[in-house]
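Participant: What follows is a single structure, and I will ask about it in a moment.
The values are calculated or read from the model by the stated rules, or taken from the named source; none is laboratory data. A quick note: this is a predicted structure, and the numbers were derived from the prediction, not measured. Positions of Cβ are backbone-derived with ideal geometry, glycine not excepted, and every protein chain shown enters the neighbour counts.
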Amino acid sequence: MARARKIIVTGGAGFIGSAVIRLLIGETDWSVINLDKLTYASSLASLADVANHPRYRLEKADICDAEAVRRILAEHRPDGIMHLAAESHVDRSIDGPDAFIRTNVVGTYTLLDQARHYWAELEGVVKRDFRFHHISTDEVFGSLGPEGAFGETSPYQPNSPYSASKASSDHLLRAWHETYGLPTVLTNCSNNYGPHHFPEKLIPLMIIKGLRGESLPVYGKGDNVRDWLYVEDHARALKLVFEQGRPGDSYNIGGDAERANIDVVRRICTLLDELAPANQPREKLIAFVEDRPGHDMRYAMDATKLKRELGWAPRETFESGLRKTVEWYLKRRDWWEPLFTVYTGQRLGRARKVV
């Protein structure tokens, strides 16, 4: 029988991190320490169901604070770290890249270095089984043409400050494994969607604006393609890689659900019209707007390795996952309406190249 684990999840009050914590507390006997700075995109409401659970603990701290990280490691003695804390919105990285470099690069370095000192002092099976699992993105690989998919050995070609900062953190992870022997695993995922998603991202923003009868802004012609992954499927994959992934290896996670942005928005409109009828079809609210600078045309992930070696497969299709997502936002106004006291749905990331 596998032994119970105690792990640190960084960024656990975020979208993906909270899904991971809900899974671990709800379906395992693991203990979880949530290390989170609680920035604008964090939501403790996403963890309301586990907040008082005896196997859950919140540590409010900045991953760039080496002393705080050292204290948390020493106090809790974890069996591993799942590192999800990150600045993640491309548009915000265009307007203010400094926060992305600090959190995604300096923060990851700080965690890695504190983790390797902590790990070096462990002994026996605890040292052998320790893992530092870094969760990254498909955006580090750049933009694809009309065919093909990113594999684990695809070259890195980041095109935004966000993706460049994540690429940097991926390389740091590799270096800490190769240089210091820290047992690391890396996952790169496609676009996540689902409940508890901060509304600056495409799917929740379109759902909420559609419910409010507001204009639905679509960048460029809406022909940029993304592979969509339901967040709970992603959480299950992350647990599997943390447990069974080979140290020093990487795994792609994708939803096998490529869609052009305009098709995603139109499908949201159709679901809203079905579930919350309005005076006119929501498609009439679609407005094409100036494209994002450096907007990657297409991402697609080849998750064959993860499926073949570890037996993972997504449970949700894009259709089933999107319906669940729309239904959740319809039911949970209590979760997302308070967010609009700090976020207005405004357009970000319009910086232009200097000629």
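Participant: Restricting attention to the range 290-312, report how many residues are at pLDDT below 95 and loosely packed, with under 15 Cβ neighbours inside 10 Å.
Facilitator: Residues that pass the stated criteria total 3.
Participant: Further, regarding this structure: Being over 30 Å from R5 (Cα atoms), among the hydrophobic types (A, V, I, L, M, F, W, C), surrounded by fewer than 21 Cβ atoms within 10 Å (Cβ to Cβ) and within 18 Å of the chain's Cα centre (by Cα) is true for just one of L240, L275, L271, L205. Which residue is that?
Facilitator: When all the criteria are applied, what remains is L205.
Participant: Looking at the range 19-60 only, could you name the residues that are assigned to a loop (DSSP other than H, G, I, E, B) and surrounded by 18 or more Cβ atoms within 10 Å (Cβ to Cβ)?
Facilitator: W30, K37, A41, S42, S43, V50
Participant: Being out of contact with any strand residue (DSSP E or B) (no Cβ under 7 Å at 6 or more places or on another chain) and over 19 Å from I94 (Cα atoms) is the filter here; which residues of the range 289-321 pass it?
Facilitator: Within the range 289-321, T304, K307, R308, E309, L310, G311, W312, A313, R315, T317, E319, S320 meet the criteria.
Participant: Follow-up. If you check K305 against the conditions, is it touching a Phe, Trp or Tyr at 6+ places or on another chain (Cβ under 8 Å) and over 19 Å from R226 (Cβ atoms)?
Facilitator: When the stated conditions are applied, K305 passes them.
Participant: Run F198 past the list (1) within 13 Å of the chain's Cα centre (by Cα); (2) modelled with pLDDT of 95 or more and report the number of the one that doesn't hold.
Facilitator: Just one mismatch for F198, condition (2).
Participant: Here is a further query. Output the qualifying pairs, or none if there are none: Cβ atoms under 8 angstrom, residues six or more apart or on different chains, first residue in the range 64-81 and within 12 Å of D113 (Cα to Cα), second residue surrounded by fewer than 20 Cβ atoms within 10 Å (Cβ to Cβ) and basic (K, R).
Facilitator: Close Cβ pairs (under 8 Å, with a partner that is surrounded by fewer than 20 Cβ atoms within 10 Å (Cβ to Cβ) and basic (K, R)) amount to C64/R102.
Participant: Take Y219 and decide whether it is hydroxyl-bearing (S, T, Y) and over 20 Å from the mean Cα position of the chain (by Cα).
Facilitator: Working: hydroxyl-bearing (S, T, Y): yes; over 20 Å from the mean Cα position of the chain (by Cα): yes.
Against the criterion (hydroxyl-bearing (S, T, Y) and over 20 Å from the mean Cα position of the chain (by Cα)), Y219 qualifies.
Participant: Does any residue of the range 279-289 turn out to be closer than 30 Å to D49 by Cβ, outside any loop (DSSP other than H, G, I, E, B), without any contact (Cβ under 8 Å) to a residue 40 or more places away in the chain and not small (G, A, S)?
Facilitator: Checking the range 279-289: not a single residue is closer than 30 Å to D49 by Cβ, outside any loop (DSSP other than H, G, I, E, B), without any contact (Cβ under 8 Å) to a residue 40 or more places away in the chain and not small (G, A, S).
Participant: Residues in the range 1-18 that are assigned to a loop (DSSP other than H, G, I, E, B) and within 13 Å of H196 (Cα to Cα): how many?
Facilitator: 3
Participant: So which residues in the range 156-202 are basic (K, R), assigned to a helix (DSSP H, G or I) and surrounded by fewer than 19 Cβ atoms within 10 Å (Cβ to Cβ), if there are any at all?
Facilitator: Residue satisfying the conditions is R174 alone.
Participant: Looking at L84, L122, which is the one that is touching a Ser or Thr at 6+ places or on another chain (Cβ under 7 Å) and within 20 Å of S31 (Cβ to Cβ)?
Facilitator: Going through L84, L122 in turn, just one is touching a Ser or Thr at 6+ places or on another chain (Cβ under 7 Å) and within 20 Å of S31 (Cβ to Cβ): L84.
Participant: Does the range 238-270 hold any residues that are within 23 Å of I207 (Cα to Cα) and in contact with a Lys or Arg (Cβ under 6 Å, 6 or more places away or on another chain), and which are they? Show your work before the answer.
Facilitator: We begin by selecting, within the range 238-270, every residue within 23 Å of I207 (Cα to Cα); these are 254-270.
The one that is within 23 Å of I207 (Cα to Cα) and in contact with a Lys or Arg (Cβ under 6 Å, 6 or more places away or on another chain): C269.
Participant: Okay, moving on. Which count do you get for residues in the range 314-349 that are of a type outside the set (S, T, Y), in a loop (DSSP other than H, G, I, E, B), at pLDDT below 95 and surrounded by fewer than 13 Cβ atoms within 10 Å (Cβ to Cβ)?
Facilitator: Adding up the residues that qualify gives 3.
Participant: Next question. Check G248, G254, G210 and return the single one that is surrounded by 15 or more Cβ atoms within 10 Å (Cβ to Cβ) and within 20 Å of G142 (Cβ to Cβ).
Facilitator: Going through G248, G254, G210 in turn, just one is surrounded by 15 or more Cβ atoms within 10 Å (Cβ to Cβ) and within 20 Å of G142 (Cβ to Cβ): G254.
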